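Asks: Supplied in structure tokens, the structure appears directly below.
Taken together, the values in this text are just the output of simple stated rules run on the coordinates, not laboratory data. Values in this document were obtained by computation on a predicted structure and should not be read as measured data.
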Amino acid sequence: MTTSERRKAIIEALNVRRYEIIDNLAFEFGVSRRTIIYDIERLSFEYPIYTTKGTGGGVHVMDGAKLIVSSDKMNADQTELLHRLLKNLTGKDFDTMKSILKKYG
């Protein structure tokens, strides 16, 4: 498993679990505790996750956040359909559709 594959899998696991301890992630992915800490540090720049220390400490997903990974991106047919629909939109709907295409397209 590559670093990017592992980090994607960590995000997918956290999206479901919402919380996990570092040692469990290290065991699950067959890497050192330090590697997971480094992965979480890097991922926290892109995703709404944070760590806590002590009893109940570990990696947490911020309340209400959904972690979107690259596999959640639209395929070419979906993107093309939204571009066609965009031509018929105006005002706030146009701006909203453009933001969707920019983020997920």
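Asks: To the nearest 10 degrees, how steep is helix 76-86 against the longest Cα principal axis of the chain, on a 0 to 90 scale?
Replies: That works out to roughly 50 degrees.
Asks: Right, another one. Which ³J(HN,Hα) values, rounded to whole Hz and listed in residue order, are derived for the stretch 25-32 from phi using the Karplus coefficients 6.51, -1.76 and 1.60 in 6.51 cos²θ - 1.76 cosθ + 1.60 with θ = phi - 60°, glycine and proline given as x?
Replies: Rounded to whole hertz, the list is 5, 4, 5, 4, 9, x, 10, 6.
Asks: Per-residue HN-Hα couplings for the stretch 47-57, Karplus 6.51 cos²θ - 1.76 cosθ + 1.60 at θ = phi - 60°, whole Hz, x for Gly and Pro?
Replies: Going residue by residue, I get 10, x, 10, 8, 10, 10, 10, x, 4, x, x Hz, with x marking Gly and Pro.
Asks: Quick check on the chain: helices-only [θ] at 222 nm, where DSSP H runs of length 4 and up contribute -39,500 (n - 2.57) each and the sum goes over total residues. Nearest 500, please. Each step should come with its number before you reach the end.
Replies: Working: 5 runs with 59 residues, N = 105.
When only DSSP H runs of four or more count, the value is -17500 deg cm²/dmol.
Asks: Could you run the Karplus curve 6.51 cos²θ - 1.76 cosθ + 1.60 with θ = phi - 60° over the stretch 33-42 and give me ³J(HN,Hα) per residue in whole Hz, x for Gly and Pro?
Replies: So the J values, rounded to whole Hz, are 4, 4, 4, 5, 4, 5, 4, 5, 4, 5.
Asks: May I pose another question? Leu89's amide H: which non-local residues (gap 5+, or another chain) put their own amide H closer than 5 Å, with H modeled 1.01 Å from N in plane and none for Pro or chain starts?
Replies: none
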